[in-house]
Structures are given as structure tokens and as C-alpha cells.
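See below for the structure under consideration.
The values are calculated or read from the model by the stated rules, or taken from the named source; none is laboratory data. Keep in mind the model is a prediction, meaning the values are calculated, not measured. We place every Cβ from the backbone using ideal geometry, glycine too, and count neighbours over all the protein chains shown. The accessibility values were calculated without ligands, DNA or RNA, using every heavy atom of the protein model including side chains. Shrake-Rupley method; radii C 1.70, N 1.55, O 1.52, S 1.80 Å.
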Amino acid sequence: MKQIRKNIGRLALMLCMLFVLLAAYGAYSIITQGNRWFSSSANTYVRSKKKNVIAGDILDANGVLLATTAEGERVYAENEAVRKAAVHMVGDSASNVNNGAESFFSSYLYGFQQSFLERLSFAVKGQPRMGDTVQLTLDSRLAAYVASIFPQGKTGAVVVVNYETGKLLTSQSFPNFDPMNITVEVKRDSQKPFFNRATQGLYAPGSTFKIVTAASALQNMQDATARAFQCTGQLQLGERLITDAGTDLTAGKITQHGQLTLLRAFQVSCNNTFANLALTIGDENLKKTSESFGFNDNFLFRDLVVENSSYPTENRNDGEIAWTGAGQSALTASPLHMCMITAAVANDGVMMEPRILEKVTAANGTVRTEFVPRIYKKPLTQAHAELLTEYMRAVVTGGTGTAAGISGVKVCGKTGSAEIDTQENTNAWFVGFLDEGDSPYALAIVVEDAGGGGSVAAPIAQKIFSWLLQNNPVN
């Protein structure tokens, strides 16, 4: 009998421990993923309760109205250009855009964060319940400008962030669409305008990944900055032949850089050097550095749902390792993540969590919550960040990214041209930042199936940087 009591006691203790663990996990999930759960289309409770509340407004960083409720219908910015440019951050009433502000912040917009006294106040006044006003970090002026200069007919994405705070000034996917005019043609468009390429699109980052490879070289090779590298134009590793931009083997044309330093290799984006670097550093060390920048991490940001970036872990022969060092192989990253990596270099090695929520204000004027910056990772020492800043500055002053340059302004960047077998042209990349104290802005641009990053994406960056310097956004 005593043994039975002991067993029952142990079982009861085990059940209690499991209950505590379940409660702890539930609390953790609500804290880290509450908005994801709340805004899910499977949440029937939320759908039913929304009918009893007038949804709150969505504003941009300057107070421009992006979404409101009029006569029971959700309407969007008066300016069509702004509506279309902001749609992937704002979302739409039918939730065609996954995880836009309309759905992700629905707990605020539909008053689910209101206290009992707030709800009682509406009832006493005989007024319908009003949701909170959500203000985003988005600058709709910048978004409209970016949309006006992005190559017509092309797909891709543009992300601009304040690298000191993590505030997203804009995060855009192309093609976009008008949330006030969703036609059958829009729904059937093969270019998938509802898909958010800025946060959900996974691309081979191409030579923009050389930022990470160079960082790994600085971390793992004591003589990285002084070593002389030799580029012969071709590197044969098993069945993999690695060449540099401009090489045309059928025409007998081979791009060779000869002897060069790490800085010069970065400046001219030498594939052979970075392929050899990856082999010298080793796959595990390069993977470790990549993961310190967020690769293979499960992104659980407070304001955003971002697809996880991937550093490959299978089929790691010398050819694949080398090709990874140059930014290819099975490596994938979103434009937002590449912007975060660039921003970390600009911010002395500190990577901030990306955020789009500036402030939430209750109907009575009380500020319910407002922006608080948070460090996400510290992948670089300040010394290494300064070296990479020098390398990225050299890309713009005399390398592959000269088209991004602005006279008298310290523009830093890295171009990329990622090879995709099914496309006629490469995806054109540019990532970069302003090394100017009063203008702490970083960006990432990808234009799909467009050609070279230096010729296609860098000029777009130059125009965006110029706009930022001239218009001085509030962020």
C-alpha cells in the first residue's frame, strides 16, 4: 500500500511538473509569437469579435493616413501611388498579403488590448467600440518614390532601415497592387503581387554574401588583411568550375585579377579569391560566422514575420563549400535579412531587431505601446566592422558599385549578381549604407532576372540615398 501511495505521489508530481512546463511554454509562446497566433486566419474567435468593433487607423511615421474605416468598410490612403507602394507593409482587408499591419496588429486595431474600463466607457457613452490607432515606422513618401524608380515590369524588393534603431523606413515587394482595386487580373497575375518578396522571398545572395565570408576571414585568419591572394580566373573543384564575372569560355575570354589583397578582392568581387577563402576558413567556421549573422536562425521578431535564411548543411564537398564562399551553392536569404547584415556592419557590428511599429494610441489618446529598440545579435567586433566599412566604401569609390556613389558623401556597398538556372539573366543585388552620422540608413535591393548588380541595382541605391539625404526622414 505504501508503495502504491509513493507511485501515486510520484505520478502526481510528474503531472504537476508537466503542467508547469506546459504553462511556461504557453506563456513563452504568447510573449514571442502572440501576434502570429492572434492574427492567424484560423482564429475564429477574433473573426467573430471584429464585427463589433470599428477598426482603428493605420498611420505612417509622419502621420499620413494609410488605412481607416469609413461606413463600415476598410479604405486606404487617398493617394494611389502611396496605397500601392505601402501595401506589403500595411496589408489589405482581405488578408491577401500575409502578415501586413492589418492582420499582424489586429489585436490593437480591433480593440482586443482594451481594458474593461475602456470598453465600459464606450458602452456608457452609447458609442460603438473603436480600435486603437497604429502608427508605423514607414515613410510613405519614401515608399512612393522607391516605387516610382523601380524597373517597370520587374519583380524584386527594396528594404531601407535605420541601422542604429532597426526601424524600417520602407519594405517593398514588386510588383505591388492597389488594395482598393483588386481585380481578377491581379489575382491571376503570374508575378504574384500578393507575395511579399522583401520578407518571404528567399534568394541566393550572390556576392553580397562576401560581406559574411570576409568577416569570417577576419575572424579566423590572423594574416587575412596582409595575405596576397592569386586569381587565375578559373578554379576547378570536381565538377564545379568557378569563374569570375566577364568570363566567356566559349569565346576564350577569362577574367583574371592576378595578385590581390582581401580588400582588393572584395572591391572587384573576385569569386576565385572568396571561393579559396571558404576552403581555407573551412565550412564549419564559415557556417559559424554565418549563423552569428542570423543564418539558420528561427526569426521571431516582435513586428514581422520573416522567412528563415539558410546556410547549407548537406552535400558539402569542396566545390559547394567554395561556391558558398562566393555567395552561391544552396545558400538562401531574404532581402530584409541581407539589409540587417549590412546594417550590422554600419552599426559598429551590432545588428538591431527590425521593427515597423512606431506607436499604438488608444481612442482616449493614451499611448498603449511605443517603439523600443532591441539588439538582435552582435556578429562583429567594432574593429572588424570598421574594416568591412572600409572595404564596402572601396566598392563604391573604385569597384563594382561606383554607380551608387554620391559626390562628397560616404556611400558604402556591395554588389551581387546571383545565378539562377531558370532565368535568362542573373538577379541584380545591391546592399549598402550611408556612413554619415546624421543619416544612419542601410538598404538592400534585389531586381530579379535583370543582370548585374553594379549596372542595375546600384543606380537605384544611388537615387534612394540621394532622396534620404535630401528629405531627412523622421526616423
Select from the stretch 100-130 the residues that are outside any loop (DSSP other than H, G, I, E, B), polar (S, T, N, Q) and in contact with a Ser or Thr (Cβ under 8 Å, 6 or more places away or on another chain) and list them in ascending order.
103, 106, 107
For the structure I just gave you, tell me whether residue 397 is of a type in the set (Ser, Thr, Tyr), within 19 Å of residue 266 (Cα to Cα) and assigned to a helix (DSSP H, G or I).
yes
Does the stretch 247-266 contain at least one residue that is within 30 Å of residue 352 (Cβ to Cβ) and of a type in the set (Ser, Thr, Tyr)?
no
Out of 414, 410, I need the residue that is open to solvent by less than 10 Å² (accessible area, probe 1.4 Å) and either among the basic types (Lys, Arg) or at pLDDT below 95 (or both). Which one?
414
Considering every residue within the stretch 357-372, establish whether at least one is of a type in the set (Val, Ile, Thr), under 26 Å from residue 438 (Cα atoms) and in contact with a Phe, Trp or Tyr (Cβ under 6 Å, 6 or more places away or on another chain).
no
Every residue in the stretch 313-336 that is part of a loop (DSSP other than H, G, I, E, B), on the phi < 0 side of the Ramachandran plot and open to solvent by 10 Å² or more (accessible area, probe 1.4 Å), please.
313, 314, 316, 317, 328, 330
Would you point out the residue of the stretch 63-79, among those that are within 25 Å of the chain's Cα centre (by Cα) and not in a strand (DSSP E or B), that is farthest from residue 147 (Cα to Cα)?
63
Take the residues in the stretch 86-136 that are surrounded by fewer than 23 Cβ atoms within 10 Å (Cβ to Cβ) and among the charged types (D, E, K, R); name whichever of them is nearest to residue 168 (Cα to Cα).
92
Checked against (1) more than 19 Å from the chain's Cα centre (by Cα); (2) surrounded by 19 or more Cβ atoms within 10 Å (Cβ to Cβ), residue 368 satisfies every condition except (2)
Pairs where the first residue, in the stretch 433-448, is at negative phi and the second is among the basic types (Lys, Arg), C-beta under 9 Å, 6+ apart
434/410; 435/393; 435/410; 436/410; 446/197; 447/154; 448/154; 448/197
Is there any pair with a first residue in the stretch 234-246 that is at positive phi and a second that is open to solvent by 40 Å² or more (accessible area, probe 1.4 Å) whose Cβ atoms are under 9 Å apart and which are 6 or more apart or on different chains, and what are they?
238/317; 238/318; 246/253; 246/254
Condition set touching a Lys or Arg at 6+ places or on another chain (Cβ under 9 Å) and among the hydrophobic types (A, V, I, L, M, F, W, C), scope the stretch 172-208, selection nearest to residue 393 (Cα to Cα): answer is 174
If you check every pair at least six apart or on different chains, which have Cβ atoms under 6 Å apart with a residue in the stretch 352-364 that is farther than 16 Å from residue 130 by Cβ first and a residue that is of a type in the set (D, E, K, R) and modelled with pLDDT under 95 second?
355/303; 356/303; 357/303; 359/370
Touching a Cys at 6+ places or on another chain (Cβ under 7 Å), within 26 Å of residue 383 (Cα to Cα) and assigned to a helix (DSSP H, G or I): is that true of residue 280 in this structure?
no
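Only residues that are of a type in the set (S, T, N, Q) and at pLDDT 95 or above: list them for the stretch 70-96, please.
79
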Kindly check whether there is at least one residue in the stretch 283-297 that is surrounded by fewer than 23 Cβ atoms within 10 Å (Cβ to Cβ) and aliphatic (A, V, I, L, M).
no
Condition check: under 30 Å from residue 290 (Cα atoms), part of a loop (DSSP other than H, G, I, E, B) and either open to solvent by 20 Å² or more (accessible area, probe 1.4 Å) or hydroxyl-bearing (Ser, Thr, Tyr) (or both). Does residue 208 satisfy that?
no
Going through the stretch 138-178 one residue at a time, which ones are assigned to a loop (DSSP other than H, G, I, E, B), under 18 Å from the mean Cα position of the chain (by Cα) and under 9 Å from residue 85 (Cα atoms)?
176
Looking at the structure I just gave you, is residue 360 in a loop (DSSP other than H, G, I, E, B) and either open to solvent by 70 Å² or more (accessible area, probe 1.4 Å) or not polar (S, T, N, Q) (or both)?
no
Please go through the stretch 163-195 and give me each residue that is charged (D, E, K, R), surrounded by fewer than 24 Cβ atoms within 10 Å (Cβ to Cβ) and closer than 18 Å to residue 141 by Cα, ordered by number.
178
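Output the number of residues of the stretch 379-402 satisfying the condition of being more than 13 Å from residue 218 (Cβ to Cβ), out of contact with any strand residue (DSSP E or B) (no Cβ under 6 Å at 6 or more places or on another chain) and in contact (Cβ under 8 Å) with a residue 60 or more places away in the chain.
Total satisfying the criteria: 3.
Please state which one of 224, 214, 198 is touching a helix residue (DSSP H, G or I) at 6+ places or on another chain (Cβ under 6 Å), open to solvent by less than 70 Å² (accessible area, probe 1.4 Å), of a type in the set (A, V, I, L, M) and part of a helix (DSSP H, G or I).
214
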Given the criteria assigned to a helix (DSSP H, G or I) and either modelled with pLDDT under 95 or buried (at least 17 other Cβ atoms within 10 Å of the Cβ) (or both), does residue 445 qualify?
no
